[in-house]
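Here is the structure we will look at.
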Amino acid sequence: MADAAPHVPVLIDAIIDACAPVEGTWLDGTFGAGGYTRRLLEAGARRVIAVDRDPLAFEMARGWIDGYGDRIECVAGEFSKLDTYAGELDGVVLDLGVSSMQLDRPERGFSFMRDGPLDMRMSQSGPSAADLVNTADEGALADIIYLYGEERASRRIARAIVAARPVSTTLELAGLVESCLPRAKPNQSHPATRTFQALRIAVNDEYGELAEGLMAAERALRPGGQLAVVTFHSVEDRMVKRFLQARSGNTANANRFAPALEEVTPAFTQASRKAIAPNEAEVAANPRARSAKLRVARRTDAPSQPIDRKTLGMPLRKDDR
């Protein structure tokens, strides 16, 4: 079967090892180019429900997906609703962030390296990054860039964007951000990296999706089912870590004078509280893996529970508080 996918699934070997034996029905909540779905099937999964909100993902898979017959079910939708797409699941895998196929297409507007429309919509519907950049007030823009991009110069950048409106292309926005920051030193990331990340997260409500997706996975997984989440930056990893801590009964009181936290029956067990990082060989073969972290947990038979977004350490804008 021809491999038409340019995307290399990050930490997939670690996922297969940590979740062995891989069997039953899995849900791949971030199908992308299909790398995780195919490896899960090769490793022993009977069936994979492939979910993606980007319609391009399934279009690009047409050349190979039919070869798996009914072992792959495609669902166009958001992984935050994954518990509505299936009954009990044996596993859920989430690879967070933007995919290579989105970054590599200038017309999608995710990359500051090539010129294209300022879009960034994973679902290709709803308000775009251009809508956000050209309509949000300066304070809201600064808030987004600071909270979602952890960019210290957020106010300066927001001021420059508002003064230059309308802003319609990726290189135009990247140039504005560059003008606000010192020139990058060798081996440093591009000055626009944090701002583009922040706008993409806001446009696609990525942190809200993650919070809801973790709770949906808890509802959908059968006892013994496994959750594997790959993150690429500190805020995502913090949210996953705190979710698993809270739902594994490992949350300690931060203040010894505060009332004791209510004891929760663990909904997950973790083999290790420490995230799994890629080895040197994987980073050498796939530089995208450099910042990746994997967390894996196994579902117990405890009832599912909602969890407050503040508990997850999710950055909250003024409107969300």
### Summary
Checked pairs for the range 159-179, first of a type in the set (Gly, Ala, Ser), second loosely packed, with under 15 Cβ neighbours inside 10 Å and assigned to a helix (DSSP H, G or I), C-beta under 7 Å and 6 or more apart or across chains, list as Ala160/Ser179
#### Entry: Given (1) within 27 Å of Ala198 (Cα to Cα); (2) in a loop (DSSP other than H, G, I, E, B); (3) modelled with pLDDT under 95, index of the condition Thr30 fails
(3)
### Query
Among the residues of the range 209-251, which ones are under 10 Å from the mean Cα position of the chain (by Cα) and assigned to a strand (DSSP E or B)?
Val229, Val230, Thr231
### Task
Would you point out which residue out of Ala142, Ala216 is touching a helix residue (DSSP H, G or I) at 6+ places or on another chain (Cβ under 9 Å), modelled with pLDDT of 95 or more and outside the structural domain of Tyr85 (by TED's automatic domain parsing)?
Ala142
### Residues that are modelled with pLDDT of 95 or more and in contact with an Asp or Glu (Cβ under 9 Å, 6 or more places away or on another chain), drawn from the range 83-94
Asp83, Tyr85, Leu89, Asp90, Gly91, Val92, Val93, Leu94
### Message
Among the residues of the range 83-118, what is the count of those that are surrounded by fewer than 19 Cβ atoms within 10 Å (Cβ to Cβ), within 29 Å of Lys293 (Cβ to Cβ) and either touching a helix residue (DSSP H, G or I) at 6+ places or on another chain (Cβ under 6 Å) or of a type in the set (Asp, Glu) (or both)?
### Response
3
### Summary
Those residues of the range 67-86 which are in contact (Cβ under 8 Å) with a residue 12 or more places away in the chain and among the small types (Gly, Ala, Ser) amount to Gly67, Ala76, Gly77, Ser80, Ala86
### Task
Could you tell me whether any residue of the range 168-176 is surrounded by fewer than 23 Cβ atoms within 10 Å (Cβ to Cβ) and outside any helix (DSSP H, G or I)?
yes
### Message
Suppose the filter is buried (at least 22 other Cβ atoms within 10 Å of the Cβ), touching a Phe, Trp or Tyr at 6+ places or on another chain (Cβ under 9 Å) and in the same structural domain as Ala217 (by TED's automatic domain parsing); does Phe31 pass it?
### Response
yes
### Task
Could you run through the range 48-96 and say how many residues are within 21 Å of Glu23 (Cα to Cα) and outside any helix (DSSP H, G or I)?
19
### Query
Are any residues in the range 265-320 surrounded by 18 or more Cβ atoms within 10 Å (Cβ to Cβ) and of a type in the set (Asp, Glu), and if so, which ones?
Glu282
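In the set Gly126, Gly87, which member is of a type in the set (Gly, Ala, Ser) and outside the structural domain of Arg165 (by TED's automatic domain parsing)?
Criteria check complete, one pass: Gly87.
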### Query
Can you spot a residue in the range 184-205 that is surrounded by fewer than 20 Cβ atoms within 10 Å (Cβ to Cβ), in a helix (DSSP H, G or I), basic (Lys, Arg) and touching a residue at least 40 places away in the same chain (Cβ under 8 Å)?
no
### Query
In the range 101-157, how many are assigned to a loop (DSSP other than H, G, I, E, B) and aliphatic (A, V, I, L, M)?
6
### Summary
From the option list Val22, Val93, single residue qualifying as touching a residue at least 24 places away in the same chain (Cβ under 8 Å) and either more than 29 Å from Lys274 (Cβ to Cβ) or touching a Phe, Trp or Tyr at 6+ places or on another chain (Cβ under 9 Å) (or both) is Val93
### Criterion violated by Leu244 - all others in (1) aliphatic (A, V, I, L, M); (2) at pLDDT 95 or above; (3) exposed (fewer than 12 other Cβ atoms within 10 Å of the Cβ) satisfied
(3)
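The values are calculated or read from the model by the stated rules, or taken from the named source; none is laboratory data. Treat the numbers as computed from the prediction; the structure is a model and nothing was measured. Positions of Cβ are backbone-derived with ideal geometry, glycine not excepted, and every protein chain shown enters the neighbour counts.
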